[in-house]
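Notes for the one structure printed next.
Please treat every number below as a calculation from the coordinates, not as lab data. Since the model is a prediction, treat every value here as computed from it, not as a measurement. Cβ coordinates were reconstructed from backbone atoms using ideal geometry, including for glycine residues, and neighbour counts include every protein chain displayed.
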Amino acid sequence: MEFWHLLTLPLYFIIVYLVLTIIAKKILLADSKYINIHFLGVLLFYLAIGLVDFKIKLIPYFPDTNLFTRILETGITPSNQSVGVKIGYKFLAIPIYHLTLKSIFNYFLFNALFFQLGLVFLAGAFNRTYQLKDVWVQRFFLILGVFIPSIIVYSFTPLRESYFVLALGLFFYGMTSKNKMNVFLFLGIILAGILRIQLLLYFFIVIGLQIVVNLKLSRKAILVIALILIPFLFVALNYLATSIVGISISPESLALFRNVQRINYFESGVTYPEVDWTNWIDVILDFPGLFFQFFLAPFPVIIFIPFWTKLAYFADGLYLLFILGISLFYLKHWNQYGLWLMYIGLYVAMSAFFEFHLLGAVRHRLPATLLLTNLAAQCLAFYYPKFRWVFKY
């Protein structure tokens, strides 16, 4: 960090703060005073972490950090990288890096901006989906989102996570709009398409699910239609998966993908076991373990790895359990949020089939964590009036 980077920091801090609060006030329920205070506190919190980390290393080192730093500094992307890196990252991150006058600290401020904007759009989408009017739901969601370890950690790395969260928020906010063809939906889909193809496939399935729900049919009618359409849906999904991800939906191809990737990363010591899938029965039998192995990473489900040695990942796992624990207090009301639960379950189910790496699972689980945080916020807002007297003292 150069001295002049510190001189420009206040200017970028103000710009990020203004952009964040202006957009938040447009997207969220009217709560102007709280929004001003909240995001000022958030940015000061991240500023303090960044300045402390500059002297005392708090943020862990990631193997991809050098790669993405070189791309930022040189503008050159290695030929062996995915489309999401060669196109998405290069044409998003590099212009922002130059916009920040090549100050990595100012660049991290924009990381925090994109993360927080993603949270704002997700809160707005949840408000729209369930016609919420209680500002405490979005307040609790934003507060819980500040302390998610993955968001804190990846705000201070040049990786792509902030862009993924922004894409997720834009997509869900756009999808919950009355006007189904809108700029937010298209921006979310485009970002996913150029950043991570798997996320784009998830978006398409969610859109299909939303179309079925909007038909407002009885459960029996939906079940009959689903049984009739399953063969056609499978063909369409297989075409999308083959075209977008390059993997056909078959037990053998899914197993081959996982096992080959596992071999490539075996020396890391934190890869999941090989799978042996020759038919769909094998996949079905393994599915519950894979589901919870991904969702609860880094805690052991199928395998045992000393997860506590990776403090940042361990902290993220603990926070996930904390969010899940809060949500379970609201279990008897979960039937009202069936659609949101399907979004969570669908994301975890899709990701679980492809995930072969313990630390990768923690990193890639973030969208599911954020969607679950909406339910935790709803739970806290529901019980808050009963314990409001505590805040008088």
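At a glance:
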read-out: Leading residue at positive end of dipole, the chain (Cβ point charges), from LEU215, ASN279, PRO385; value: PRO385
read-out: Dipole magnitude (debye, nearest 20) for the chain, charges at Cβ of Lys, Arg, Asp, Glu; value: 1380 debye
read-out: Residue range of the chain that is longest and free of GluC sites (Glu not before Pro) which are both DSSP loop and sparsely packed (at most 15 other C-beta within 10 Å); value: 3-273
read-out: Among ASN238, ASN179, ASN127: highest mean-square fluctuation, GNM of the chain, C-alpha pairs under 10 Å; value: ASN179
read-out: Calculated FRET efficiency for the pair PHE382/ALA30, C-beta based, R₀ 22 Å, to 0.05; value: 0.60
read-out: Sorted by Cβ neighbour density within 10 Å, fewest at the top, the residues SER250, SER79, SER327, SER103; value: SER79, SER250, SER103, SER327
read-out: Selected from PHE115, PHE314, PHE45 as most flexible by GNM, with the chain as the system and alpha-carbon contacts under 10 Å; value: PHE45
read-out: Prolate/oblate/rounded label for the range 1-195 (Cα gyration tensor, a/c 1.5); value: oblate
read-out: Cα-based shape type of the range 108-243, given that a ≥ b ≥ c are square roots of the gyration tensor eigenvalues and the cut on a/c is 1.5; value: oblate
read-out: Among ILE27, ILE189, ILE14: highest mean-square fluctuation, GNM of the chain, C-alpha pairs under 10 Å; value: ILE14
read-out: Listed residue pairs exceeding 29 Å between alpha carbons, taken from LYS26/LYS57; LYS25/LYS57; LYS25/LYS216; LYS26/LYS180; LYS133/LYS216; value: LYS26/LYS57; LYS25/LYS57; LYS25/LYS216
read-out: Relative contact order (percent, whole number), the range 250-393, Cα cutoff 8 Å, 6+ residue spacing; value: 31 percent
read-out: Cross-link partners of LYS102 among lysines (Cα-Cα below 16 Å; sequence separation of 8 or more within a chain); value: LYS90
read-out: Per-q log10 I(q)/I(0), the range 70-169, q = 0.12, 0.24 Å⁻¹ (Debye; single scatterer per alpha-carbon; no solvent); value: -0.46, -1.22
read-out: The range 18-68 versus the range 318-371: alpha-carbon centroid distance in Å; value: 23 Å
read-out: Set of lysines with alpha-carbon distance to LYS220 below 26 Å, sequence-local pairs under 8 removed; value: LYS332
read-out: The range 194-302 shape via C-alpha gyration tensor axes, a/c threshold 1.5; value: prolate
read-out: Within the chain, helix-based [θ] at 222 nm, where runs of 4 or more DSSP H residues each add -39,500 (n - 2.57), nearest 500; value: -23000 deg cm²/dmol
